């Protein structure tokens with residue numbers, strides 16, 4: 001039996017579900033990155049050893065780069081791994097810092113929802129007008145829909161994080177310390 005109060009389990013449950021989703025998205029991102037590496041190796045080997053480069057490699061790489069960025073956006077958004085300027089963070093007490101994080105996440109959630117709506121609108125336009133890539137004539141709308149879905153997922157993940165942020169505003173003593181950047185340490 002867990003001795004923690006029922007309200008304290010909310011952040012733990014959200015963290016477990018979010019962690020599973022984050023690992024899945026990061027695994028997809030890693031697979032895309034590996035595919036980019038393999039494509040580049042095959043292209044270089046074909047270009048210099050066989051005098052036969054991979055046709056459309058640049059376009060394929062662009063599609064994969066879009067997929068890589070889109071896959072990692074929800075994870076970066078919800079874990080706070082994006083680049084931030086925290087010059088004044090040390091001057092905030094726990095409750096003020098929790099309120100600040102709540103407000104920032106609320107603004108980011110709204111911005112991502114608006115961006116997702118716009119990207120999905122553009123994807124529908126790409127589908128309707130039949131836009132394709134320049135060299136390989138690949139349709140552009142699937143990538144645009146995927147990006148729109150991942151941006152929407154980022155907004156949804158931040159909306160879930162807002163519940164945790166609100167919990168920490170009410171219980172600032174339960175809020176974990178913000179860890180230093182992995183680059184700094």
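Bear in mind these aren't lab numbers, they're just calculated from the coordinates by the rules spelled out. This structure is a prediction, so every number in the text was calculated from the model and none was measured. All Cβ positions, glycine included, derive from the backbone under ideal geometry; neighbour counts span all protein chains shown.
On a 0 to 90° scale, report how tilted helix 141-170 is relative to the longest principal axis of the chain, with both axes built from alpha carbons and the result rounded to the nearest 10. Once rounded, the angle reads 10 degrees. Of 128, 57, 161, the sequence from fewest to most neighbouring Cβ atoms within 10 angstrom is 128, 57, 161. Round to the nearest 10 and give me the degree value, 0 to 90, for the angle of helix 6-49's Cα axis relative to the longest principal axis of the chain. On a 0 to 90 degree scale, this one is about 20.
Take the Cβ atoms of residue 48 and residue 137, set R0 to 30 Å, and the FRET efficiency comes out at 0.65. Calculated from the structure at hand, semi-axes √(5λ) of the Cα gyration tensor in Å is found among (i) 39, 20, 15; (ii) 22, 19, 17; (iii) 62, 18, 13 as (i). Would you work out if the stretch 61-137 is rounded, prolate or oblate? Take a ≥ b ≥ c from the square roots of the eigenvalues of the alpha-carbon gyration tensor; rounded if a/c is under 1.5, else prolate when a/b is larger than b/c, oblate otherwise. It is prolate, given that a/c is not under 1.5 and a/b is the larger ratio. Would you work out if the stretch 95-183 is rounded, prolate or oblate? Take a ≥ b ≥ c from the square roots of the eigenvalues of the alpha-carbon gyration tensor; rounded if a/c is under 1.5, else prolate when a/b is larger than b/c, oblate otherwise. In terms of gyration-tensor shape, prolate. Going from the fewest other Cβ atoms within 10 Å to the most, the residues 36, 65, 150 appear in the order 65, 36, 150.
If the chain linking residue 174 and residue 111 were pulled fully straight, counting 0.36 nm for each residue of separation and taking away their Cα-Cα distance, it would gain 19.9 nm. By the count of other C-beta atoms within 10 Å, a proxy for reagent exposure, 83, 147, 107 are ordered fewest to most as 83, 107, 147.
Against the chain, whose longest principal axis comes from its Cα atoms, helix 57-79 is set at around 0 degrees.
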